[in-house]
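Peer 1: If you scroll down you'll find the structure; I have some questions about it.
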Amino acid sequence: MPELPEVETVRRGLEPALVGKRLERVETRRKDLRFPLPQDMAVRLTGRSVTALGRRAKYLLIHLSEEPAGGAETLLCHLGMSGSFRVEEGVTGAFHHPRSVAPRHDHVVLETADGTRVTYNDPRRFGFMDLVPTARLDENPHLCALGPEPVGNTPLAPHLARLFGGKRAPLKAALLDQKGIAGLGNIYVCEALHRAGLSPRRGAGTLVGANGRATARLERLEEAIRAVIADAIAAGGSSLRDHRQTDGALGYFQHAFRAYDREGQACPTPGCGGTITRIVQSGRSTFYCPACQR
DNA sequence: AACACCCCCTGTCGGC
DNA sequence: TGCCGACAGGGGGTGT
C-alpha cells in the first residue's frame, strides 16, 4: 500500500482517532516486525497523550506528550509493503480478542481513554516502528538522508540536478532512491514518468545540462511528480488488493493509473496509439509506453 | 562511489 | 484439487 499518498491518507484518517487522546492500553503482540519493536514499547506509550500526527516521506510520525522523566518522544512508523492501520470506535469494555482468535497479523494495538482502538496489521512484517526523542527526529538514521517532499514549496529540480548529474543509472531506479524525492515508490514513479513523457530507461544524468543545471525535461518531471502526488492524495491514495483506509473506505486513485499495472492496454496519451509495456528494472516491474516516453 | 543483487515475510494468483 | 513458481505498494545490506 504505502507510498506517500497512502501514508498521508492514513495520517489524516488517524488524526481524529488519536490526536489529543491519552493512550490507555497499548499491546504489542510480538517482539518484532522487520526490526525489533522499541524496548518496553507498550509500557513507554501507556499513559502518554498523542499531541499531533505528522508524516515525513513514507513515515508516519505519532508525536507524544512529554513524560515527567524526559522530553517528548515520537513513534515513527513505516508500513513497509503490507502495513495498515484500522480504527474502531467505542470499544470501551468491549470484548478483547485473546491472541488465539485475534485477526491474523494484528501486531500492535493502541486504545485511547475514550474507547477508540487503533490496530496496526502487517502480514509481511516489512514495516517497523521506532520510538525517538522528538527534538532529535532530524538526526534519526531513517529520516536524516531523505530528500525533499514532493508537496510544498521546496523546488525539486535543482536538488535532482545535483543528485542526477553524471549518473548512468536508469531514471526509474534513481527516482526510487529516497535521497531524491522522498516518498515516491514503484507506482508513483511509473505514473510520474508517464505524465512527463520520459522513459524509465533513460539515464538519470541525461536530465542535467552540461552546466549542472536542470534541463527543461527535468523541470517537466518535477511538475509531473507534483501533479501525480497531489492527485493521488486528493483521491485518498491507491487501493491495490484489499488495502483500505483507516475507516475501511477504499482509495480510488488506482482507477486513474495511466501506466502502472496496465500492461498490454492502450496508452492513454491522446493521439499516442502506443501500448503499455512491462519491463523489469532492478528486480521490480516498470510499466511505461515506449511510444510516448522517450 | 555507484550499482546490481539478495534478502526479509506472507498471501494470492495463474498455469499445469 | 493441489502443487509450484512468480509476483506484490519497501528498503537495508552486501558484494563487485
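Every number here is computed from the coordinates shown, using simple stated rules; none is lab data. No experiment lies behind these values; they were computed from the predicted model shown. Here the Cβ is made from the backbone with ideal geometry for all residues, glycine too, and neighbour counts use every protein chain on show.
Peer 1: Just wondering, is there one or more residues in the range A:78-90 that are assigned to a loop (DSSP other than H, G, I, E, B) and of a type in the set (A, V, I, L, M)?
Peer 2: Yes: one or more hits.
Peer 1: Report, by residue number, each residue of the range A:173-183 that is within 16 Å of DNA strand B (Cβ to nearest atom), of a type outside the set (Lys, Arg) and over 17 Å from A:Glu219 (Cα atoms).
Peer 2: Correct list: A:Ala173, A:Leu176, A:Asp177, A:Gln178.
Peer 1: Return a yes/no flag: does the range A:211-229 have any residue that is part of a loop (DSSP other than H, G, I, E, B) and crowded, with 20+ Cβ neighbours inside 10 Å.
Peer 2: Looking through the range A:211-229, none of the residues is part of a loop (DSSP other than H, G, I, E, B) and crowded, with 20+ Cβ neighbours inside 10 Å.
Peer 1: Can you find even one residue in the range A:81-89 that is at positive phi and more than 15 Å from DNA strand C (Cβ to nearest atom)?
Peer 2: no
Peer 1: Another question, if that's okay. What number goes with the only condition from (1) surrounded by 18 or more Cβ atoms within 10 Å (Cβ to Cβ); (2) not in a loop (DSSP other than H, G, I, E, B) that A:Pro38 does not pass?
Peer 2: (2)
Peer 1: Only one of these is away from DNA strand C (no atom under 16 Å from the Cβ) and acidic (Asp, Glu): A:Glu149, A:Glu139, A:Glu191, A:Glu222. Name it.
Peer 2: A:Glu222
Peer 1: Okay, next question. Cβ-Cβ distance below 8 Å, separation of 6 or more or different chains: which pairs start in the range A:19-34 with a residue that is more than 19 Å from A:His78 (Cβ to Cβ) and end on one that is part of a loop (DSSP other than H, G, I, E, B) and of a type in the set (Val, Ile, Thr)?
Peer 2: A:Lys21/A:Thr116; A:Leu23/A:Thr46; A:Glu24/A:Thr46; A:Arg25/A:Thr46
Peer 1: Filter the range A:45-63 down to residues that are basic (Lys, Arg) and within 22 Å of A:Arg125 (Cα to Cα) and give me whichever is surrounded by the most Cβ atoms within 10 Å (Cβ to Cβ).
Peer 2: This residue is A:Lys58.
Peer 1: If you don't mind, another one. Identify, please: which residue in the range A:250-280 is of a type in the set (Lys, Arg) and without any contact (Cβ under 8 Å) to a residue 40 or more places away in the chain and is, among those, nearest to A:Leu198 (Cα to Cα)?
Peer 2: A:Arg278
Peer 1: Also: Which residue out of A:Pro200, A:Pro158, A:Pro150, A:Pro170 is more than 16 Å from DNA strand B (Cβ to nearest atom) and in contact (Cβ under 8 Å) with a residue 60 or more places away in the chain? Break it down stepwise before answering.
Peer 2: Details: A:Pro200 fails: more than 16 Å from DNA strand B (Cβ to nearest atom); A:Pro158 fails: in contact (Cβ under 8 Å) with a residue 60 or more places away in the chain; A:Pro170 fails: more than 16 Å from DNA strand B (Cβ to nearest atom).
Being more than 16 Å from DNA strand B (Cβ to nearest atom) and in contact (Cβ under 8 Å) with a residue 60 or more places away in the chain holds for just one of A:Pro200, A:Pro158, A:Pro150, A:Pro170, which is A:Pro150.
Peer 1: What tally of residues in the range A:230-249 results from selecting those that are without any contact (Cβ under 8 Å) to a residue 12 or more places away in the chain and assigned to a helix (DSSP H, G or I)? Even if it seems obvious, please write down each step before you answer.
Peer 2: Here is the first cut: in the range A:230-249, the residues without any contact (Cβ under 8 Å) to a residue 12 or more places away in the chain are A:234, A:241-242.
With the extra rule that they be assigned to a helix (DSSP H, G or I), the set shrinks to A:234.
Looking only at that region, the number is 1.
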